[in-house]
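Single-structure report; data block below.
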Amino acid sequence: MALKSLRDILYWLIDMDGVLYHGEKRMPGAAEFIAALQAGGTPFLLVTNNSTLSPQQYVEKVGRMGITVQTKDVLTSSIATAEYIARSAGPGTPVHVIGESGLRTALLDRGFKLVDRGGDYVVVGMNRQLTFDTIKYAALAIRAGAKFIGTNPDRTLPVEEGLIPGNGAFLVALEAATDVKPFVIGKPEPALLEIGMERLGAVREHTAILGDRVETDIVGGERVGIHTMLTLSGVSTQADLDASGLHPDWVVRTVSELVDEWGQR
């Protein structure tokens, strides 16, 4: 681990799956790092492209692994999507949703009216109950002029059986059916991270993102101009990093290495 210096990092944006846990298994150093940030009063947000769960469900999930956080410490692509739309659309705006409870709840909490047909916006998140009609009516709404928004671009989702289709696969299908590209909120697009930094009151030159995917976390961090740290405990391998041509500011094998360096900064 060839670190520069962590002394100037005052704010952290931290991915979850592959960084803090994999499935229901806590990753080495995860609890210790979060506890160290809390003890030192260092502002952080747990940021995830996953749109299926609510912040409270994530609090409960990591809590079962011995990591204690509050809902204010969690920012999902669903919450960021609802916040983004709320900046230009008021309560009662009809929103056509493809997604699970995490996305639907985030939009309802902002006062939007969820519809199955038509709508001013078509918002697409991971949906494991997808049907042909779901795609059909979303495509018709987009062709009728609804703004097409994707919570995240992840084309695959790692599960116990292997890689299965992720939300990005649904976005590709709708783009092919409508000839309209979605506006994407999640990493590596800037919106999720920028909303996260706004929440923290973070300054770019003093902010770092910690993640396990080169193509989302590292690319996303570079796009918004913050420091980047890749952990090799999740999806991306050293070979993936080498092939990408990208150069994160720091690379660690697990968060345990970061805990050691953070304590010595």
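The values are calculated or read from the model by the stated rules, or taken from the named source; none is laboratory data. All values derive from a computational prediction rather than experimental measurement. Ideal geometry is used to build each Cβ from the backbone, glycine not excepted, and the neighbour counts take in all protein chains shown.
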Checklist entry - Do we have residue 203 as crowded, with 19+ Cβ neighbours inside 10 Å and in contact with a strand residue (DSSP E or B) (Cβ under 8 Å, 6 or more places away or on another chain) here? => result no
Checklist outcome for this item: Pairs returned, first residue in region 92-121 that is outside the structural domain of residue 171 (by TED's automatic domain parsing) and within 13 Å of residue 134 (Cα to Cα), second residue that is hydrophobic (A, V, I, L, M, F, W, C) and part of a helix (DSSP H, G or I), beta-carbon separation under 6 angstrom, 6 or more apart or interchain, are none
Checklist entry - Can you tell which of 209, 195 is under 15 Å from the mean Cα position of the chain (by Cα) and assigned to a strand (DSSP E or B)? => result 209
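Scan 245, 221, 225 and give me the residue that is surrounded by 16 or more Cβ atoms within 10 Å (Cβ to Cβ) and assigned by TED's automatic domain parsing to the domain that holds residue 27.
Details: 245 fails: surrounded by 16 or more Cβ atoms within 10 Å (Cβ to Cβ); 225 fails: surrounded by 16 or more Cβ atoms within 10 Å (Cβ to Cβ).
Going through 245, 221, 225 in turn, just one is surrounded by 16 or more Cβ atoms within 10 Å (Cβ to Cβ) and assigned by TED's automatic domain parsing to the domain that holds residue 27: 221.
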Checklist outcome for this item: Residue set 259, 235, 224, 203; condition of a type in the set (Val, Ile, Thr), at pLDDT below 95 and closer than 30 Å to residue 149 by Cα; output residue 235
Next on the checklist: Looking at region 61-75 only, could you name the residues that are part of a loop (DSSP other than H, G, I, E, B), of a type in the set (Lys, Arg) and farther than 19 Å from residue 255 by Cα?
Outcome noted: none
Item to check | Residue count, region 77-90 (criterion: in contact with a Leu (Cβ under 7 Å, 6 or more places away or on another chain) and free of Cβ contacts under 8 Å to residues at least 40 places away in the same chain) | outcome: 1
Item to check | Residue list for region 103-155, filter: crowded, with 17+ Cβ neighbours inside 10 Å and aromatic (Phe, Trp, Tyr) | outcome: 112, 121, 137, 148
Item to check | Entirely in region 76-162, the strands (runs of 3 or more DSSP E) that have 2 or more residues that are touching a helix residue (DSSP H, G or I) at 6+ places or on another chain (Cβ under 9 Å) and at pLDDT below 95 | outcome: 156-159
Checklist outcome for this item: Taking region 63-87 and keeping residues surrounded by fewer than 20 Cβ atoms within 10 Å (Cβ to Cβ), in contact with a Lys or Arg (Cβ under 9 Å, 6 or more places away or on another chain) and under 22 Å from residue 153 (Cα atoms) leaves 83, 86
Next on the checklist: Give all pairs with beta carbons closer than 6 Å in which a residue from region 160-178 that is crowded, with 18+ Cβ neighbours inside 10 Å meets a residue that is acidic (Asp, Glu); count only pairs at least 6 apart in sequence or on separate chains.
Outcome noted: 166/154; 167/154; 168/154
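Conditions (1) over 21 Å from residue 219 (Cα atoms); (2) small (Gly, Ala, Ser); (3) in contact with an Asp or Glu (Cβ under 7 Å, 6 or more places away or on another chain), marked per residue:
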site: 11; (1), (2), (3): no, no, no
site: 19; (1), (2), (3): no, no, yes
site: 24; (1), (2), (3): yes, no, no
site: 30; (1), (2), (3): yes, yes, no
site: 49; (1), (2), (3): no, no, yes
site: 54; (1), (2), (3): yes, yes, no
site: 63; (1), (2), (3): yes, yes, no
site: 72; (1), (2), (3): yes, no, no
Checklist entry - For region 46-97, which residues satisfy the criterion of being touching a Ser or Thr at 6+ places or on another chain (Cβ under 6 Å) and under 15 Å from residue 147 (Cβ atoms)? => result 81
Item to check | Answer from 207, 178 - the residue that is more than 29 Å from residue 140 (Cβ to Cβ) and not aliphatic (A, V, I, L, M) | outcome: 207
